[in-house]
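Below is one structure; the comments refer to it alone.
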Amino acid sequence: MGYVITIDGPAASGKSSVSRELSKKLGIPWVSTGAFYRGLAYVAQQMKTNLDNPIALSELCFSFFFKIAATTEKTQVWFDGQDVTEKIAHEDVGNIASRISHFPEVRQSLLDHQRNCALENSGLIAEGRDCGTVVFPRAEAKIYLTARSEDRASRRAQELGLDKDILERQQKQRDIQDSTRKVAPMQIPQDALVVDTSELNLEEVVQKAYQYAVPKINR
Ligand code: DC
């Protein structure tokens, strides 16, 4: 297994953009663990699986219908052989992902698959909510991104062409759900570098992450 850099944080804090740029700089892939929950949410919707049934949801994690692969550009998701990566970006899929992510059975079923992403490569960037605390607690470098909620909502509103106020309300709800659940809640890993991205542009955040991580992965 190679080295691991984790990037955790709330909805729309810039985790994917920072991971993508850092991954290019370091020449290693990155994985969005959120894509696993979003992918499962999407597949469950298509298969009309009961979203309140953790056993049925867990079984779907291992089904032939659901496939995920991490690359330097994005984490790709397939449903029944069809690339649905664009479809899982929708905010309603994110909301369902948050809802089903509180089931311990679901989290456990996705965990090995997430960890396996680190086995095949010399290094990996993993982003999500519990990457530094649960998925890769021994990661060489841990980063936690945060930003003011109105800034996070504006960013996502621009990306998705949606109303900022509605998004802000939904994101707040999702952040509460993700940080108060019993299993693997979103929290700042003990030894993480915390970066508030509200006043920073992408390049500045990537530079901070790079300067912090490189000495740690070269140790
Ligand atoms: O990062 P994201 O918006 O793509 O994540 C969607 C949801 O998936 C998030 O609201 C909660 C869940 N999630 C999780 O529980 N643990 C992770 N490591 C990543 C995402």
**Message:** When you check Arg174 against the structure, is it within 11 Å of the ligand (Cβ to nearest atom), charged (D, E, K, R), out of contact with any Leu (no Cβ under 7 Å at 6 or more places or on another chain) and closer than 19 Å to Arg20 by Cβ, yes or no?
**Reply:** no
**Residues of the range 31-54 that turn out to be within 12 Å of the ligand (Cβ to nearest atom) and assigned to a helix (DSSP H, G or I), as a count** = 10
**Request:** Could you figure out which of (1) surrounded by fewer than 15 Cβ atoms within 10 Å (Cβ to Cβ); (2) within 16 Å of the ligand (Cβ to nearest atom); (3) within 14 Å of Ser13 (Cα to Cα); (4) not aromatic (Phe, Trp, Tyr) isn't true of Ser198?
**Result:** (2)
**Asked** Assuming Leu200 fulfils every condition listed in (1) more than 13 Å from Val18 (Cα to Cα); (2) in a loop (DSSP other than H, G, I, E, B) apart from one, which condition is it?
**Response** (1)
**Prompt:** Counting only residues that are part of a loop (DSSP other than H, G, I, E, B) and within 22 Å of Arg38 (Cβ to Cβ), which one in the range 148-167 is modelled with the highest pLDDT?
**Reply:** Asp163
**Request:** May I ask you to say which residue of Gln190, Gln211, Gln170 is under 24 Å from Gly94 (Cα atoms) and either part of a loop (DSSP other than H, G, I, E, B) or not charged (D, E, K, R) (or both)?
**Result:** Gln170
**Message:** Can you find a residue that is part of a helix (DSSP H, G or I), within 26 Å of Lys172 (Cβ to Cβ) and of a type in the set (D, E, K, R) anywhere in the range 56-73?
**Reply:** no
**Asked** So which residues in the range 106-135 are closer than 24 Å to Lys25 by Cβ and basic (Lys, Arg)?
**Response** Arg115, Arg129
**Message:** Anything in the range 89-137 that is in a loop (DSSP other than H, G, I, E, B) and buried (at least 20 other Cβ atoms within 10 Å of the Cβ)? List them, or say none.
**Reply:** Ser101, Cys117, Ala118, Arg129, Asp130, Phe136
**Request:** Output the residues belonging to the range 139-164 that are away from the ligand (no atom under 16 Å from the Cβ) and closer than 30 Å to Met1 by Cβ.
**Result:** Glu140, Ala141
**Asked** Which numbered condition trips up Met186, out of (1) within 16 Å of the ligand (Cβ to nearest atom); (2) modelled with pLDDT under 95; (3) not charged (D, E, K, R)?
**Response** (2)
**Item:** Test: Leu145 is touching a residue at least 60 places away in the same chain (Cβ under 8 Å), closer than 24 Å to Leu26 by Cβ and part of a loop (DSSP other than H, G, I, E, B)
**Value:** no
**Fill in**
Ile28 meets each of (1) touching a strand residue (DSSP E or B) at 6+ places or on another chain (Cβ under 7 Å); (2) within 13 Å of the ligand (Cβ to nearest atom) with one exception, condition (2)
**Prompt:** Mind checking whether some residue in the range 81-88 is assigned to a loop (DSSP other than H, G, I, E, B), within 13 Å of the ligand (Cβ to nearest atom) and modelled with pLDDT of 95 or more?
**Reply:** yes
**Fill in**
Here the residues within the range 3-25 that are part of a strand (DSSP E or B) and away from the ligand (no atom under 12 Å from the Cβ) are Tyr3, Val4, Ile5
**Which numbered condition Thr71 misses (of (1) hydroxyl-bearing (Ser, Thr, Tyr); (2) within 13 Å of the ligand (Cβ to nearest atom); (3) under 15 Å from the mean Cα position of the chain (by Cα))** = (2)
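The values are calculated or read from the model by the stated rules, or taken from the named source; none is laboratory data. Because the structure is predicted, anything quoted here is derived from the model rather than measured. A quick note on method: Cβ atoms are made from the backbone with ideal geometry, for glycine too, and the neighbour counts reach across all protein chains shown.
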